[in-house]
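Enquirer: Mind having a look at this structure? Questions to follow.
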Amino acid sequence: MAKELIRLDNLTKSFGDNTVLKGLSLSVHENEFITLLGPSGCGKTTTLRIIGGFEKPDEGRVFFEGKDITDLEPNHRHINTVFQKYALFPHMNVEQNIAFGLKVSKKSDEYIKEKINYALKLVNLEGYEKRNINSLSGGQQQRIAMARAIVNEPKVLLLDEPLGALDLKLRQEMEYELIRLKNELGITFIYVTHDQEEALTMSDKVVVMNEGVIQQMGTPEEIYNEPQNAFVADFIGDSNIIDGFMIHDKLVNICGVDFPCVDSGFGENKAVDVVIRPEDVELGKPGKGQLDGEVIHNVFIGVHYEMEVMAGDYEWLVQSTTSHPVGEKVSIKVKADNIQIMHKPQSKDEEALDLDV
């Protein structure tokens, strides 16, 4: 396993009466692309600012390569930040913007020139040295902000929703650019977003946050396929989250019907939450599945049809490449390994896993 680079130890942070972080602990390893994902106000940007030194926690410590840097100023950390609005200097041209940090560090003119050429080549903007910042597109400005951060050779690059101002196509292109840069540079990326697609596309590890608490962390596949609670299941992609009743190991009652599943350890005759992804719901002829119902809504969204089926007093969300018209009688079938069982949370802040990682 890669060496631990950053460790956040029991961070708490409040602004007035609003507690933004509630005892957050997290480890970040070398060369990792880790994304902090969650809705507005969940604490992800505050966490990023604490790592960068722009905020100080009320309680808890920040460690970098084993050393306590909690009270260290931002310019003394081997960490650079790319902000959502890029924070470029409009009165400077491209090369002046990129060179700014190097000049502050009193690097030689020859060194600065080499670094500018290297950074512009890396972000595919060779020949843009003399361009005015205001003449660049949003995507080009984002690349210049990346270049300015890269030339300082940080061990960690913090990115605070840097693609938020871009249109969909450009945002998708930049996602692949960021993956390429991370692989070529061999540095650690800590990325903040509320966009699930960005998180799942780019990350080695996703940290899902809500109300100052880490709800779940894991690979994109683990987060999507094995959500640990209803919040994660609902926030990451579309889900059917249904009240269920665990009969015993590997058998759950949903909508009055017993469904085989693969989960165990939830006890017997216990109320649970059941998560079923819409792409895992199979529709067939009435009587051929586990539940019968009727299609009540159907819309084509480009890749597949998105339908709602009323069955067992529940509106099932179904995604399929096969269309079933509104009013058609259908059956619902779900394979055992596509059913995810979760404990019902005892409180809103209940954490879904052991965070000591």
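The numbers here are math on the coordinates, done by the rules we state, and not lab data. The structure displayed is predicted, hence computed values, not measured ones. Don't worry about glycine lacking a Cβ; one is built from the backbone with ideal geometry, like all the others, and counts go over all protein chains shown.
Enquirer: Quick one: if the Förster radius is 25 Å, what FRET efficiency do Val299 and Asp195 give, using the C-beta to C-beta distance and rounding to 0.05?
Expert: 0.65
Enquirer: Something else: Checking the cross-link filter: which lysines have an alpha carbon closer than 18 Å to that of Lys13, excluding same-chain neighbours under 8 positions apart?
Expert: Candidates past the 8-residue exclusion: Lys22, Lys44, Lys56.
Enquirer: Let me ask another. Once the Cβ-Cβ distance between Lys250 and Glu279 is put in as r, and R0 is 25 Å, what FRET efficiency do you end up with, to the nearest 0.05?
Expert: 0.65
Enquirer: Continuing with the same structure: Among the aspartates and glutamates, which fall within straight-line cross-link reach of Lys270, defined as a Cα-Cα distance under 13 Å, with same-chain neighbours fewer than 8 residues apart omitted?
Expert: Asp243, Asp249
Enquirer: Still on this structure: Please list the three semi-axes, largest first and in whole Å, of the ellipsoid equivalent to the stretch 276-342, using sqrt of 5 times the eigenvalues of its alpha carbon gyration tensor.
Expert: Semi-axis lengths for the stretch 276-342 are 17, 15, 10 Å.
Enquirer: Okay, next question. Give, rounded to the nearest 20 debye, the magnitude of the charge dipole that the chain has about its Cα centre when Lys and Arg contribute +1 at Cβ and Asp and Glu contribute -1 at Cβ.
Expert: So the magnitude is around 1540 debye.
Enquirer: Based on DSSP H runs of at least 4 residues, each adding -39500 (n - 2.57), what is the mean residue ellipticity at 222 nm of the chain after dividing by all its residues, to the nearest 500 deg cm²/dmol?
Expert: Calculated at 222 nm, the ellipticity per residue is -7000 deg cm²/dmol.
Enquirer: Would you work out the charge dipole size for the stretch 239-350 about its Cα centre, treating the Cβ of every Lys and Arg as +1 and the Cβ of every Asp and Glu as -1, and quote it to the nearest 20 debye?
Expert: Roughly 240 debye, rounded to the nearest 20.
Enquirer: Mind putting together the pair-distance distribution for the stretch 4-225? All Cα pairs, 10 Å bins, whole percent per bin, short to long.
Expert: Spelled out bin by bin, the stretch 4-225 gives 8, 33, 36, 19, 4, 0 percent.
Enquirer: Report the gain in length on full extension from Thr219 to Phe83: 0.36 nm times residue separation, minus Cα-Cα distance, nm rounded to one decimal.
Expert: Full extension of this stretch gives 46.5 nm more.
Enquirer: Pop the C-beta distance of Tyr111 and Lys56 into the FRET formula with R0 = 41 Å and round what comes out to the nearest 0.05.
Expert: Once rounded, the FRET efficiency stands at 0.80.
Enquirer: Consider a paramagnetic label point 7 Å from the Cα of Gln319 along Cα→Cβ; state which residues of the stretch 232-273 have an amide N under 20 Å from it.
Expert: Of the residues in the stretch 232-273, 232-242 have backbone N under 20 Å from the label point off Gln319.
Enquirer: Could you work out the percent of alpha carbon pairs in the stretch 239-350 separated by over 26 Å, rounded to a whole number?
Expert: Of the Cα pairs, 21 percent sit more than 26 Å apart.
Enquirer: Related question: Report, in listed order, any pair from Lys3/Lys113; Lys130/Lys182; Lys103/Lys155; Lys107/Lys130 with a Cα-Cα distance greater than 22 Å.
Expert: Check vs 22 Å cut-off fails for Lys3/Lys113; Lys130/Lys182.
Enquirer: For Lys288, list the lysines whose Cα falls under 22 Å from its own Cα; do not include residues on the same chain fewer than 8 positions away.
Expert: Lys288 reaches Lys250, Lys329, Lys333, Lys335.
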